[in-house]
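One structure below.
Computed from the coordinates by the stated procedures, all read-outs in this text should not be read as laboratory data. Worth saying up front: this structure is predicted, and the values here are computed from it rather than measured. Ideal geometry is used to build each Cβ from the backbone, glycine not excepted, and the neighbour counts take in all protein chains shown.
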Amino acid sequence: AAAVLAQFARRQIDVLVGTQMVAKGHDFPGVTLVGVLDADGPLHLPDFRAAERCIQLLSQVSGRAGRGDVPGRVLVQAFKPDAVALDYDAFAAEELRRRERLRFPPFVRLAAVRLSGNSEVRVRGAAERAASAARRFASGGDALDVLGPAPAPLAKVRGKHRWQLLLRAPDHAPLHRVGRALQAFHRVAGVQLAVDVDPVALL
């Protein structure tokens, strides 16, 4: 890959086709046209940050064009062009309204409780027991919601079945308290439980 990028920088290659890796950290002054295929693909990921990541990627890849003296153009292909945000300020305002309405960060705090193991039956059972326990632990007056459990969007990784539940609260304190209680409560052989406060991704 490094050799190809070096050739492209020396203009020995006129067209560069790549994945997201070409969007970040490269400065090619001779690039005047960037094309993005399936630009709305990331919007279909089951993660509340999907739209945010989509516009970040589009902003980054668009910045590859026109870095020299010649103005650049960006062509975007999408199945639903109206769903692809290109105006960051307008997107941010609408996205913040949506997250406030649905109670997602930055207006609340989240913790993902992930369970994984070789046996799908044992993982599912452990996830259901963990969700019930979390609701009991939160019944002492904490303003904490328990969402799930459900199979993780990536339901199997490296041979391990994965389930998860989300804890949602106005601040971190209930998340840490209930998370610690769940780790102490969990005693299912062959099933790992991990608590991720402020998860970067929910896949």
Practice problem: In a Gaussian network model over the chain where Cα atoms closer than 10 Å are linked, find which of Ala152, Ala39, Ala184 has the largest mean-square fluctuation. | Solution: Ala184
Quiz item: Considering only DSSP states other than H, G, I, E and B, which chymotrypsin sites (Phe, Trp or Tyr not before Pro) in the stretch 1-105 qualify as loop sites with at most 13 other Cβ atoms within 10 Å?
Solution: Phe79
Quiz item: Taking the simple approach of a point 7 Å from Cα along Cα-to-Cβ for both Arg53 and Leu96, what is their distance in nm?
Solution: 2.3
Exercise. Give me Rg over Rh for the chain, both radii from the alpha carbons and Rh done the Kirkwood way, two decimal places.
Key: 1.10
Practice problem: Under 1.5 on a/c is rounded, so check that first for the stretch 91-203, then, if it is not, pick prolate when a/b is larger than b/c and oblate when it is not; a ≥ b ≥ c are the square roots of the alpha carbon gyration tensor eigenvalues. | Solution: oblate
Quiz item: Where both residues lie in the stretch 109-197, what percent of DSSP beta bridges are antiparallel, nearest 5?
Solution: 100
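Using Cα-Cα distances under 8 Å and only pairs 6 or more residues apart, what relative contact order does the stretch 139-203 have, in percent?
31
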Quiz item: What length, rounded to one decimal in nm, is gained on full extension from Leu147 through to Ser132, with 0.36 nm per residue of separation minus their alpha-carbon distance?
Solution: 4.3 nm
Self-check item: Ranked list, fewest to most other Cβ atoms within 10 Å of each Cβ, for Ser116, Ser132
Solution: Ser132, Ser116
Quiz item: Does anything in the stretch 84-118 have its amide N under 15 Å from the 7 Å Cα→Cβ label point of Ala173, and if so which residues?
Solution: 109
Practice problem: Provide the FRET efficiency to the nearest 0.05 for the Leu86-Thr32 pair, computing r from the beta carbons and using R0 = 22 Å. | Solution: 0.75
Quiz item: Over the chain, what relative contact order in percent results from Cα pairs under 8 Å that are six or more residues apart?
Solution: 20
Self-check item: Global form of the stretch 65-152, assessed from the alpha-carbon gyration tensor, a/c cut-off 1.5
Solution: prolate
